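Beneath this line is the structure, given in structure tokens, with notes to follow.
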Ligand SMILES: C[S@@+](CC[C@H](N)C(=O)[O-])C[C@H]1O[C@@H](n2cnc3c(N)ncnc32)[C@H](O)[C@@H]1O
């Protein structure tokens, strides 16, 4: 049997890093393929599973290989307090594109137009997973599978379809673009097949995205305030959609 550190070094370049117990727990829950998982303290990791994730305890028991702390620390950019790390196979782009385009759609697709901040993108993936959104699409240069985004997403990239696309390639569906100058969201019902688009932290919605938009929608905000944070805006819009009766169960 290949030792886990050698297996890790062989696979690391082509896989997604799951940093910490909670990222691994979420990825397993949502069906990620995990070829290698290591911990510096197997007993502590399994005790966490007993406490917080009995549903994936057996999978963790089968997967987790104990390695010396220094070996674990050499595999990750920064050791995690749980001393757990794993590598997961990134879902095929074709499968994600099929999921994003599938109609009828029962939950919106979140579109981040030219986002800049990796932490915001991770927080949005986590929100999309929590609300059962169909997926998260980014436009522009940010890689939504960047390790920092995956860390911010807490392993929940496997619970929704995450891909980068051009504005001209967006999936079908009515596009509701969020902008402080739009129509008050409180008077609208967001349909399940909506694309909910949000602009970049620096400059808001791009001209290309605005041209594709069917509706401009505003979140309630006092006049002296310029805008909300990107991930916060996504949270409010998804909450508004869910309050109309959409997922979660
Ligand atoms: C930090 S804001 C962008 C601020 C940017 N300086 C601008 O010129 O718009 C990021 C995105 O969050 C959404 N957003 C923020 N506040 C909003 C509001 N009150 N109503 C609707 N969308 C909002 C928009 O999609 C916006 O493009």
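By count of other Cβ within 10 Å, fewest leading, how are 72, 228 ordered?
Ranking 72, 228 by Cβ neighbours within 10 Å, fewest first, gives 228, 72.
Report Rg (one decimal) and Dmax (nearest whole number) for segment 4-88, counting Cα atoms only, units Å.
11.5, 33
Show me 89-100, 199-210, 133-144 ranked by packing, highest mean number of other Cβ atoms within 10 Å first.
Result, highest mean first: 133-144, 199-210, 89-100.
Would segment 200-249 count as rounded, prolate or oblate if I go by the C-alpha gyration tensor, calling it rounded below 1.5 in a/c and otherwise prolate when a/b exceeds b/c, oblate otherwise?
Oblate, because a/c is 1.5 or more while a/b does not exceed b/c.
Pull out a ≥ b ≥ c, the square roots of the eigenvalues of the alpha-carbon gyration tensor of segment 124-170, then state rounded if a/c is under 1.5, prolate if not and a/b is larger than b/c, and oblate in the remaining case.
oblate
According to the square roots a ≥ b ≥ c of the eigenvalues of the Cα gyration tensor, what is the shape class of segment 92-159, taking rounded for a/c under 1.5, prolate for a/b larger than b/c otherwise, and oblate for the remainder?
It is prolate, given that a/c is not under 1.5 and a/b is the larger ratio.
Sorted from largest down, give the three principal axis spans of the alpha carbons of segment 131-224, whole angstrom values.
Sorted from largest, the Cα extents of segment 131-224 read 36, 30, 26 Å.
When the helices in the chain are scored as -39500 (n - 2.57) per DSSP H run of 4 or longer and the sum is shared across all residues, what 222 nm value do you end up with, to the nearest 500 deg cm²/dmol?
-10500 deg cm²/dmol
Using only Cα atoms, tell me the angle between helix 42-52 and the longest principal axis of the chain; keep it within 0 to 90° and round to the nearest 10.
Here the helix axis deviates by roughly 40 degrees.
Rounded to two decimals, what ratio of Rg to Rh does the chain give with C-alpha atoms and a Kirkwood Rh?
Result: Rg/Rh = 1.02.
Mean separation of Cα pairs under 8 Å and 6+ residues apart, divided by the residue count of the chain: what relative contact order is that in percent?
About 20 percent, as a whole number.
Once the piece of chain linking residue 78 and residue 211 is laid out straight, how much longer is it, given 0.36 nm per residue of separation minus the C-alpha distance between them?
Extending this stretch completely gives an extra 43.6 nm.
Considering only DSSP beta bridges with both partners in segment 66-204, what is the antiparallel share in %, to the nearest 5? If you can, show how the numbers build up before the last one.
Values: 1 of 18 bridges.
The antiparallel fraction comes to roughly 5 percent.
When 157, 22 are ordered from fewest to most other Cβ atoms inside 10 Å of their Cβ, what list results?
Numbers: 157 30, 22 18.
So the residues, fewest neighbours to most, are 22, 157.
Measure nothing but the geometry: give the 0 to 90° angle between the long axis through the Cα atoms of 230-243 and the longest principal axis through the Cα atoms of the chain, rounded to 10°.
Helix 230-243 sits roughly 80 degrees off the main axis of the chain.
Using the Kirkwood radius over C-alpha pairs as Rh, can you work out the diffusion coefficient of segment 47-147 via Stokes-Einstein at 20 °C, viscosity 1.002 mPa s, in µm² per second?
Rounded to a whole number, D works out at 129 µm²/s.
For a footprinting-style exposure proxy, rank 51, 193 by other Cβ within 10 Å, fewest first. Write out the running numbers ahead of the final one.
On the way: 51 9, 193 17.
Taking fewest neighbouring Cβ atoms as first place, the list is 51, 193.
Throughout, read-outs are computed from the coordinates displayed, never taken from laboratory work. Please read these numbers as outputs of a predicted model, since none were measured by experiment. Note that we place each Cβ from the backbone using ideal geometry, even for glycine, and neighbour counts take in every protein chain shown.
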